[in-house]
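Q: Starting off with a structure, shown below.
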Amino acid sequence: MMKRKLILEDGSVYIGEAFGSADEKYLELVFNTSMVGYQEIISDPSYTDQAVVLTYPVIGNYGINAEDYETICPSIGALIVKEYVDEPSNFRCERTLSDCMKEFHIAGISDIDTRTLTRKIREIGSCKVLLTGEETSDAEGLQKLRAWNYATDQVARVSTKEFREFAPEGEANGLHVVIIDCGMKLNIVRSLCKLGCKVTAVPYNTSAEAIKALAPNGIMISNGPGNPEDVKETIETVRALHGVYPIFGICLGHQIIALSYGAKTYKLKFGHRGGNHPVKNLLTDKLEITSQNHSYAVNQESAAAAGLEITHLNLLDNTVEGQRFTKDRIFSVQYHPESAPGPQDSQYLFDDFLKLMKED
């Protein structure tokens, strides 16, 4: 196997074995603590332009299959793992992880001490990283890396470019949901279709007037990558739709809703990424174990000042995980109730959304 070099902006250098694409990559370094679900991780558009350290040590052992993709064109930058398995064993396996990563230009590096690397990210925060060949000198790579800046157009790149319709599964309930696609996971669509909804996904910059012309019963604001403040078109559209339709936001959609009311967002030191984050539902006083993937969070004080009611809190760091504006029939959560993979504690939120649409 070929060697590959990982250079961090603090000057740290790690050398491991290459798998996946051989492309040189300038990315943001983050980590995910999930024990399963690497296919869903590499195909989640929220990971656009990121190099993800997987803390679970063995990756690739059950391969890849066509049914579990969260997007048909993955845009994650790279995977960093302890041990990569190129001979998967699973009855659903159709190809290896490395073959999939080569197709979608996703770089991979294995035989890295992922525990040490994760501790470093927790210490210094998410940072810039360069994946390059072993022939690149440390000094040259570091100079290039420090001159590189994060992109701000991730949502524009991963959002659908045209209206896409999805039919309900089984018996239709007569409800039509428009999803503003900021980089949506397909399981959001699957979850709504399984409940009998017709779904139309529209580009992130679709106007409020164009959405109204579709005559929906409710609006979903999807997850997606990057800084929510960069998605000004979506923020303006959501602001124009306040009180017009029931609206449900997930992850980036949660942050966009907050910004549309004048609240503020901020970047977390190293984000939340994993499948076991405890969240307290302040409305029911119950605990939910949740799947999460985000770098930014809603400022609690600014949300309260904007009139948003905080409905959920993260029990690890007390960050905002849910909010609502009852008068406008709008609510959102920072985590992923559709999971895929992950716990199913929060699927009731889709039922709450359907109830709002039926009452409208």
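The values are calculated or read from the model by the stated rules, or taken from the named source; none is laboratory data. Keep in mind that this is a model prediction, so the values were computed, not measured. Glycine gets a Cβ as well: all are built from the backbone with ideal geometry, and neighbour counts include every protein chain shown. All accessible areas refer to the heavy atoms of the entire protein, side chains included, with ligands and DNA or RNA removed. Shrake-Rupley method; radii C 1.70, N 1.55, O 1.52, S 1.80 Å.
Q: In µm²/s, what is D for segment 1-99 at 37 °C and 0.692 mPa s, where D = kT/(6 pi eta Rh) by Stokes-Einstein and Rh is the Kirkwood radius from Cα pairs?
A: Details: Rh = 14.1 Å.
Reported coefficient: 233 µm²/s.
Q: Right, here's the next one. Would you kindly state how much longer the chain becomes between Ala66 and Glu135 on full extension, computed as 0.36 nm times their sequence separation minus their alpha carbon distance, in nm to one decimal?
A: Extra length available between Ala66 and Glu135 comes to 21.3 nm.
Q: I need the peptides 58-64, 256-262 ranked by packing, meaning the mean over residues of other C-beta atoms within 10 angstrom, with the highest value on top.
A: The packing order, highest mean first, is 256-262, 58-64.
Q: Taking segment 232-329 as the region of interest, what is the percent of Cα-Cα pairs per 10 angstrom bin, listed from the shortest bin to the one with the maximum distance?
A: 16, 50, 30, 4
Q: Across bins of 10 angstrom width beginning at 0, how are the C-alpha pair distances of segment 6-163 distributed, in whole percent?
A: 11, 42, 35, 12, 1
Q: Could you please state how large a percent of the accessible area of segment 17-152 is carbon and sulfur, counting protein chains only and using a 1.4 Å probe? Mind showing how you got there, number by number?
A: On the way: 2840 of 5980 Å².
Its accessible area is 48 percent carbon and sulfur atoms.
Q: Another one. Students often get this wrong: which residues of segment 102-134 have the backbone nitrogen under 13 Å from the point 7 angstrom along Cα-to-C-beta of Thr33?
A: 118-119, 122
Q: A follow-up question, please. Divide by every residue of the chain the summed helix terms, -39500 (n - 2.57) for each DSSP H run of at least 4, and state the resulting mean residue ellipticity at 222 nm, rounded to the nearest 500 deg cm²/dmol.
A: Using -39500 (n - 2.57) per qualifying helix, the result is -6500 deg cm²/dmol.
Q: Let me ask something else. Within segment 70-131, which chymotrypsin sites (Phe, Trp or Tyr not before Pro) sit in a loop by DSSP and count at most 10 neighbouring Cβ atoms inside 10 Å?
A: For chymotrypsin sites (Phe, Trp or Tyr not before Pro) across segment 70-131 that sit outside H, G, I, E and B with at most 10 neighbouring Cβ atoms in 10 Å, the list reads Phe91.
Q: Find the centroid of the Cα atoms in segment 182-246 and in segment 120-141, then give the distance between the two in whole Å.
A: 36
Q: Follow-up. Per residue, how many Å² of accessible area does segment 38-194 show with a 1.4 Å probe?
A: 45
Q: Here's something else I'd like to know. Can you give me the long-range amide H partners of Ser21? Hydrogens built in the peptide plane at 1.01 Å from N, cutoff under 5 Å, separation of 5 or more residues or another chain.
A: HN-HN under 5 Å from Ser21: Lys102, Ile106, Ala107, Gly108.
Q: What is the P(r) of segment 197-275, as percent of Cα-Cα pairs per 5 Å bin from 0?
A: Calculated P(r), rounded to whole percents: 3, 14, 28, 25, 15, 9, 5, 2, 0.
Q: Could I ask something else about it? How far, in nm, would the chain grow between Asp230 and Arg122 when pulled straight, counting 0.36 nm per residue and subtracting the alpha carbon separation?
A: Taking 0.36 nm per residue and subtracting the Cα distance, the gain is 36.3 nm.
Q: Let me ask something else. What is the packing order of peptides 244-253, 117-126, taking the mean over residues of other C-beta atoms within 10 Å and listing the highest first?
A: Output ranking for 244-253, 117-126: 244-253, 117-126.
Q: Here is a further query. Normalise the Cα radius of gyration of segment 132-247 by 2.2 N^0.38 Å (N = residues in it) and let me know the number. Walk me through the numbers before you get to the answer.
A: Details: Rg = 18.8 Å, N = 116, 2.2 N^0.38 = 13.4 Å.
Rg over 2.2 N^0.38 Å, computed on Cα atoms: 1.40.
Q: Give the Rg/Rh ratio for segment 149-210, taking Rg as the radius of gyration of the Cα atoms and Rh as the Kirkwood radius, to two decimals.
A: In segment 149-210, Rg relative to Rh is 1.06.
Q: Shifting gears a bit: At 1.4 Å probe size, with the rest of the protein present, what percent of the exposed accessible area of segment 214-321 is carbon and sulfur atoms? Don't jump to the answer; show the numbers that get you there.
A: Values: 1920 of 3730 Å².
About 51 percent, which is the carbon plus sulfur part of the accessible surface.
Q: OK, next. Go through segment 207-216 residue by residue and turn each phi into a ³J(HN,Hα) via Karplus (6.51, -1.76, 1.60, θ = phi - 60°); whole Hz please, and just put x for glycine and proline.
A: Per-residue couplings from phi come out as 6, 4, 5, 5, 5, 4, 5, 7, 6, x Hz.
Q: Send over a whole-number figure in Å² for the accessible area per residue of segment 308-354, probe 1.4 Å.
A: It amounts to 37 Å² per residue over segment 308-354.
Q: Report the gain in length on full extension from Ser89 to Asp285: 0.36 nm times residue separation, minus Cα-Cα distance, nm rounded to one decimal.
A: Between Ser89 and Asp285, full extension yields 66.4 nm more.
Q: Compare the peptides 16-24, 310-318, 48-56 by average per-residue count of other Cβ atoms within 10 angstrom and give them in order, highest first.
A: Result, highest mean Cβ count within 10 Å first: 48-56, 16-24, 310-318.
Q: Can you divide the C-alpha Rg of segment 115-168 by 2.2 N^0.38 Å and report the result to two decimal places?
A: Computed over Cα atoms of segment 115-168, the ratio equals 1.81.
Q: So, one more: When the Debye formula is applied to the Cα atoms of segment 306-345, each taken as the same point scatterer, what base-10 log of I(q)/I(0) results at q = 0.26 Å⁻¹?
A: One equal scatterer on each Cα of segment 306-345 leads to -0.92.
Q: Still on this structure, please answer the following. Hey, got a sec? Which trypsin sites (Lys or Arg not before Pro) in segment 124-182 land in a DSSP loop and have at most 12 other Cβ atoms within 10 Å?
A: Numbers: sites: Lys128, Lys144, Arg146, Arg157, Lys161, Arg164; in loops: Lys161.
Answer by residue number: Lys161.
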